[in-house]
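Worksheet: the structure to be examined is printed underneath.
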């Protein structure tokens, strides 16, 4: 995985990819190589490579928090101070980790929230197994 940024032109897009100038993004190595060959992109050093990886988010300064938010694609524009920025980033990271969790490992409350977020009606389900089956079937149809 490589971190790139568009440096020439305002935007760049293909059938499966798009980027805007000055907005860093992560891509797989093979795609990064192809994009770099165009001469329109620059490879960036990841904030986690550049900074102390063990540094707690709460201890980061404003520029570190802004860089981390940009790297993770998290909007912190409404945050007024570093405590707000850190909390918003931590919540977004936790939310992203929850979305990667297999549905079988979710609690009943997480399953219900997942169903609502994905527009899946589980109101007629009477058991956990039925909820799992309904969600799995709906996801397979997407």
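The values are calculated or read from the model by the stated rules, or taken from the named source; none is laboratory data. Treat the numbers as computed from the prediction; the structure is a model and nothing was measured. Because the Cβ atoms are built from the backbone with ideal geometry, glycine has one as well, and the counts that use them run over all protein chains shown.
A compact table of results
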item	result
Residue in the range 78-96 that is exposed (fewer than 13 other Cβ atoms within 10 Å of the Cβ), under 26 Å from residue 5 (Cα atoms) and either in the same structural domain as residue 25 (by TED's automatic domain parsing) or modelled with pLDDT of 85 or more (or both) present	yes
Positions within the range 18-62 being in a helix (DSSP H, G or I), closer than 25 Å to residue 89 by Cα and at pLDDT 85 or above, in sequence order	57, 58, 59, 62
Yes/no for residue 129 being in a helix (DSSP H, G or I), over 20 Å from the mean Cα position of the chain (by Cα), outside the structural domain of residue 22 (by TED's automatic domain parsing) and loosely packed, with under 14 Cβ neighbours inside 10 Å	yes
Scan of the range 1-17 for residues that are more than 14 Å from residue 36 (Cα to Cα) and outside any loop (DSSP other than H, G, I, E, B), ordered by number	11
